[in-house]
Amino acid sequence: IGKVAELTEGAIFGEMALIDDQPRMASAIASSSCTIIVINRDVFQRKLSKCDPFVRGLLGIFVKNIRSMVEDRIS
């Protein structure tokens with residue numbers, strides 16, 4: 001597909017893979033010096049488990065819909 005997005009300060013990358021345990025849909029390449037914080041799956045799941053179950057369900061639905069739209073666009 002090529003360049004999908006340009007991330008700016010405070011952006012998050014790879015979160016969908018942590019939500020639905022599927023592979024990331026893209027890779028990232030820094031175009032300038034940056035500072036990153038890696039949040040591993042255990043930390044993410046611990047934080048997510050504290051959310052309201054309704055919110056967790058919505059996140060799962062959003063991720064499924066986004067992945068479906070991207071697959072349709074690629075095909």
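This table checks each residue for (1) open to solvent by less than 80 Å² (accessible area, probe 1.4 Å); (2) modelled with pLDDT of 90 or more; (3) at positive phi.
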{"site": "4", "(1), (2), (3)": "no, no, no"}
{"site": "11", "(1), (2), (3)": "yes, yes, no"}
{"site": "15", "(1), (2), (3)": "yes, yes, no"}
{"site": "21", "(1), (2), (3)": "no, yes, yes"}
{"site": "26", "(1), (2), (3)": "yes, no, no"}
{"site": "34", "(1), (2), (3)": "no, yes, no"}
{"site": "38", "(1), (2), (3)": "no, yes, no"}
{"site": "42", "(1), (2), (3)": "no, yes, no"}
{"site": "47", "(1), (2), (3)": "no, yes, no"}
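Of the residues that sit in segment 61-73 and are surrounded by 12 or more Cβ atoms within 10 Å (Cβ to Cβ) and of a type outside the set (Lys, Arg), which one is nearest to residue 22 (Cα to Cα)?
Looking at residues that are surrounded by 12 or more Cβ atoms within 10 Å (Cβ to Cβ) and of a type outside the set (Lys, Arg), I get 63.
Consider only pairs whose beta carbons are under 7 Å apart and that are at least six residues apart or on different chains; among these, list those whose first residue lies in segment 36-59 and is under 25 Å from residue 9 (Cβ atoms) and whose second residue is part of a helix (DSSP H, G or I) and of a type in the set (A, V, I, L, M, F, W, C).
Taking only residues 6 or more apart or on different chains, the pairs are 41/18; 44/18; 59/19.
The values are calculated or read from the model by the stated rules, or taken from the named source; none is laboratory data. Remember, predicted model here, so these are calculated numbers, not experimental data. Every residue, glycine among them, receives a Cβ derived from its backbone with ideal geometry; neighbour counts consider all protein chains shown. Heads up: the accessible areas ignore ligands, DNA and RNA and are worked out on the full protein's heavy atoms, side chains in. Shrake-Rupley method; radii C 1.70, N 1.55, O 1.52, S 1.80 Å.
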